[in-house]
Amino acid sequence: MTVRLSAKQRSDNPAMRILVTGSTGHLGEALVRELGSAGHALTGMDVVAGPTTAVVCSVADRAAVRTALAGVDAVIHSATLHKPHVSSHSRADFIDTNVTGTLTLLEEAAAAGVSRFIYLSTTSVFGMALRPGSGDPAAWVTENLDPVPRNIYGVTKFAAEDLCELIHRDHGMPVLVLRTSRFFAEEDDEPVRRLAFDPLNLKVNELLYRRVDLADLVEACSRAVDRAPELGFGRYILSATTPFTEAEMSAVRTRLPELVERHFPSYPEVYAGLGWRLPDGIGRVYVNTAARRALGWEPRFTFGYALEGLANGLDPRSELALAIGAKSYHAEPHGVDTRAR
């Protein structure tokens, strides 16, 4: 379902001039389209030209960033080098874009008097902390878990989060960090999973523990823009609401199908009719409680929603996710592209 703000939400979040970075990419395009339709004046910035991008430049280009920020009320910073770029870009490239680029935007936004800054980070910052030991329950992942990034992508995203906090502390600009779980439309980047499961089966499974629909993500960003001045600074996990509790993490790790049937008695029949299955267990569950409370956000596209739709022959994804579709990370074919920019 395409996101549309209600009259109440429109009044709570009056029309603003918003700069969206990464606007040619998956989330960036969705933000420009949807927030623009809600009455905001949107300017898209990306290194790649596109119909939702007005400014073609790097986020590390200070002069271009300074010009683009003139008169802007809010920044939503989604431009980044992603995990799939680890095999095609150097570590220095990641630092230039994810760290230096973010710092440039933050400093210039603060200098321009921008009233709120939303930084799109990733649950990949948790890295090695997401791997429980043998015999341990699945990880119950909240904002209290200390990140242990496992590659240059996670390292640079976490470093940029700290820069967000530093600029907020030094300049007082409200900055919210949104750690997004998976939302890409492309095939999975893990060969074993990609070969063992139907692509949509995998994505619906992930709604139990590590996926958020694009429509829900856009709504969270809109609410973050609204709430940032009162919140000041915060880091929040964005994922579909899990049906599980922390007390169920041992069952999640070793008896997942049994546990899902307990929560959703119709699941075996629906999955059997599609030839789908669940893994025997999973290693972590992302918890969105803090984001729901702070942002007043309630994801609609949950596993339960998907299951009900599938039972009625409907596609479980939002209209927005289907409309945006898949995007490549690379100008030329480069293995399996797993996530849009």
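None of the figures in this text is laboratory data; all of them are computed from the coordinates on show. All of these numbers come straight from a predicted model, not from anything done at the bench. Here the Cβ is made from the backbone with ideal geometry for all residues, glycine too, and neighbour counts use every protein chain on show.
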Just want the answer: with Cβ charges of +1 for Lys and Arg and -1 for Asp and Glu, which residue in Val260, Asn288, Gly25 is farthest toward the dipole's positive end in the chain?
Asn288
Of the residues Arg293, Arg33, Arg235, which exhibits the maximal mean-square fluctuation in a Gaussian network model of the chain defined by a 10 Å Cα contact cut-off?
Arg293
For Asp170 and Ala92, extending 7 Å from Cα along the Cα-Cβ vector and measuring point to point gives, in nm, a value of 2.4 nm
What are the ³J(HN,Hα) values, in whole Hz, obtained from phi via the Karplus relation 6.51 cos²θ - 1.76 cosθ + 1.60 with θ = phi - 60°, for each residue of region 278-289 in sequence order, with x given for Gly and Pro?
9, x, 5, x, 9, x, 7, 9, 7, 10, 9, 4
Give the order of Thr100, Thr67 when sorted by the count of other beta carbons within 10 angstrom, beginning with the fewest.
Thr67, Thr100
Extension gain, Arg255 back to Ala129 (0.36 nm per residue minus Cα-Cα distance, nm)
43.2 nm
Tell me, what HN-Hα J-couplings in whole Hz come from the Karplus equation 6.51 cos²θ - 1.76 cosθ + 1.60 at θ = phi - 60° for each residue of region 240-252, using x for Gly and Pro?
4, 5, 6, x, 8, 10, 4, 5, 9, 5, 5, 5, 4
Taking 7 Å along the Cα-to-C-beta vector as the label spot, tell me the Thr67-Arg17 distance in nanometres, rounded to one decimal.
1.5 nm
If amide H atoms are modeled at 1.01 Å from N in the peptide plane, then the residues at a separation of 5 or more from Arg116, or on another chain, having amide H under 5 Å from its own are Val75
Just to be sure I understand: with springs between alpha-carbon atoms less than 10 Å apart, which residue in His82, His40, His26 has the highest mean-square fluctuation in the Gaussian network model of the chain?
His40
Long-range HN-HN contacts of Arg284 with modeled amide H, under 5 Å
Ala139
Normalised by the number of residues in region 14-324, what is the relative contact order in percent for Cα pairs under 8 Å and 6+ residues apart?
17 percent
For region 96-103, in order, what is each residue's ³J(HN,Hα) by Karplus, 6.51 cos²θ - 1.76 cosθ + 1.60 with θ = phi - 60°, in whole Hz (x at glycine and Pro)?
4, 7, 6, 9, 4, x, 5, 4
Suppose each label sits 7 Å from its Cα in the direction of the beta carbon; what would the Arg293-Ala323 distance come out to in nanometres?
3.4 nm
Candidates Gly172, Gly273, Gly36: whichever shows maximal mean-square fluctuation once the chain is modelled as a Gaussian network with Cα springs under 10 Å:
Gly273
So if we plug the beta-carbon distance of Thr245 and Ala41 into 1/(1 + (r/R0)^6) with R0 = 41 Å, what FRET efficiency do we get, rounded to 0.05?
0.45
Sorted by chain and then number, the residues having a modelled amide H within less than 5 Å of the amide H of Leu238, at least 5 places away or on another chain, are Arg179, Thr180, Ser181
Using 1/(1 + (r/R0)^6) with R0 = 22 angstrom and r between the beta carbons of Asp146 and Leu231, what's the FRET efficiency to the nearest 0.05?
0.50
Suppose every Lys and Arg Cβ carries +1 and every Asp and Glu Cβ carries -1, with no other charges. What dipole size does the chain come out with about its Cα centre, to the nearest 20 debye?
240 debye
